[in-house]
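Step one of this worksheet: look at the structure below.
The values are calculated or read from the model by the stated rules, or taken from the named source; none is laboratory data. No experiment lies behind these values; they were computed from the predicted model shown. All Cβ positions, even for glycine, are placed from backbone atoms using ideal geometry, and neighbour counts span all protein chains on display.
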Amino acid sequence: MGWARSFGRPEVRIATRFMEDIRTGSYIQRCRTFKMTETEAIVTAAKHYCIDNFRYWSNRYQNERTGNDFPYTYTDNDYNLFPRYNALSAIRQGIEYFTGKEFQDIKSCKLILIKTGKESQSPFTEKTQNKIEQKAIQEERDKFVQFIDNIESSVLKTVEPLPYRRRLKDDERETIRQVLTDKWRVDGYWVPLIESSPEVTTIFLDKENLTERDETQIADFIKQKAEGRLYEITEEQLDYEIDQSEFDIDCYETFYCDKTFNWLVYGSHEGTLAFGGKELLDFVQQVFADRKEMINNW
């Protein structure tokens, strides 16, 4: 099987709260000394808006859902809730293409963000059939556009930074995935879901055998050894360049590496965690020196 495409749930990392009324998009930001350009600040504010409102609507849906689990059904109230966080997730994913991008001026930046709010799609927002769902998605797009259109320069001066997270363009994704295939014999999945190539030395663990201390030690080692930012390559084709702080050892169908491609981490849906790269393998084996029976045991 080649690089698989499946549509898992959107994943959102909540980095801060800065809201007066999350339902209307009216915010009071906490001041923090951090130098961003005006366009960097508005892109960051747009991400904050999507993150905060995603959380609001997903919590509403979790608390108010009235459909049946089996057979799975949605009520009209459900259709008025979950499509809203799907729309916000799609918009955020579109915005993340512009992390670190330089714009000519604030006006051109706003136009790009507004276009993104109107047009960004995901598998959860495309080809919707229910009229309530369609209306909910459109309302969230309209509210986002209004937020960007009306944001004041004085507000941008107090926007809090977020960890670096840039969505990769198609050519970047394809290049990185090809390197992973050529160097690590990745084929959509990896060890232990596919057989290890004789040319590649790997080990894997069952996540259930990792203690919190194990996870912290391994994550800290990776952050210490990594050169610059990391690549996060996912099953959903949502691939990113991220800060080291964004590394998530409890990942599923996700690969992590850096620009050297000298090491690789893969978390599977089956609850396994695989490692490649001599230094990383040596360290993991050191961590499990007194539990060797847990290595490559699934």
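Listing for the model above:
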quantity	calculated
Filtered residue count, the stretch 55-98, keeping only those that are β-branched (Val, Ile, Thr) and loosely packed, with under 15 Cβ neighbours inside 10 Å	3
Pairs with Cβ under 7 Å, 6+ apart, first in the stretch 69-80 and under 14 Å from LYS131 (Cβ atoms), second of a type in the set (A, V, I, L, M, F, W, C)	ASP76/ILE132; TYR79/ILE132; TYR79/ALA136; ASN80/ILE132; ASN80/ALA136
Failed item in (1) more than 21 Å from GLN285 (Cβ to Cβ); (2) among the charged types (D, E, K, R); (3) buried (at least 17 other Cβ atoms within 10 Å of the Cβ); (4) in contact with a helix residue (DSSP H, G or I) (Cβ under 9 Å, 6 or more places away or on another chain), with ASP214 passing the rest	(1)
Cβ pairs under 9 Å, 6+ apart, first in the stretch 108-125 and without any contact (Cβ under 8 Å) to a residue 24 or more places away in the chain, second assigned to a loop (DSSP other than H, G, I, E, B)	ILE112/LYS101; ILE112/PHE103
Identity of the residue in the stretch 136-169, among the aromatic types (Phe, Trp, Tyr) and within 23 Å of TYR240 (Cβ to Cβ), that ends up nearest to the chain's Cα centre (by Cα)	TYR164
Residues within the stretch 270-279 that are in contact (Cβ under 8 Å) with a residue 60 or more places away in the chain and within 19 Å of PHE247 (Cβ to Cβ), tallied	6
Whichever residue in the stretch 99-118 is within 25 Å of SER58 (Cα to Cα) and out of contact with any strand residue (DSSP E or B) (no Cβ under 6 Å at 6 or more places or on another chain) and, among such residues, is surrounded by the fewest Cβ atoms within 10 Å (Cβ to Cβ)	LYS115
Options GLU236, GLU232: the member that is touching an Asp or Glu at 6+ places or on another chain (Cβ under 7 Å), closer than 24 Å to PRO163 by Cβ and of a type in the set (Asp, Glu)	GLU232
Qualifying residue in the stretch 251-263 (condition: within 23 Å of ALA90 (Cβ to Cβ), surrounded by fewer than 21 Cβ atoms within 10 Å (Cβ to Cβ), in contact (Cβ under 8 Å) with a residue 40 or more places away in the chain and not hydrophobic (A, V, I, L, M, F, W, C))	yes
Test for THR211: is it more than 30 Å from GLN93 (Cα to Cα) and in contact with a Gly (Cβ under 8 Å, 6 or more places away or on another chain)	no
Residue check for GLN121: surrounded by 14 or more Cβ atoms within 10 Å (Cβ to Cβ), of a type outside the set (D, E, K, R) and out of contact with any Lys or Arg (no Cβ under 9 Å at 6 or more places or on another chain)	yes
Near pairs, Cβ below 9 angstrom, 6+ apart or cross-chain, from the stretch 283-294 (surrounded by 10 or more Cβ atoms within 10 Å (Cβ to Cβ)) to any residue that is of a type in the set (Phe, Trp, Tyr) and in a helix (DSSP H, G or I)	PHE283/PHE221; VAL284/PHE221; VAL287/PHE221
Odd one out for ASN297, checked against (1) under 23 Å from GLU199 (Cα atoms); (2) at pLDDT 95 or above	(2)
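So that you can scan it fast, the table gives a plain yes or no per residue for (1) more than 21 Å from GLU96 (Cα to Cα); (2) assigned by TED's automatic domain parsing to the domain that holds PHE98:
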| residue | (1), (2) |
| --- | --- |
| ILE151 | no, yes |
| LYS169 | no, no |
| ARG173 | no, no |
| ILE176 | no, no |
| THR181 | yes, no |
| VAL186 | yes, no |
| TYR189 | yes, no |
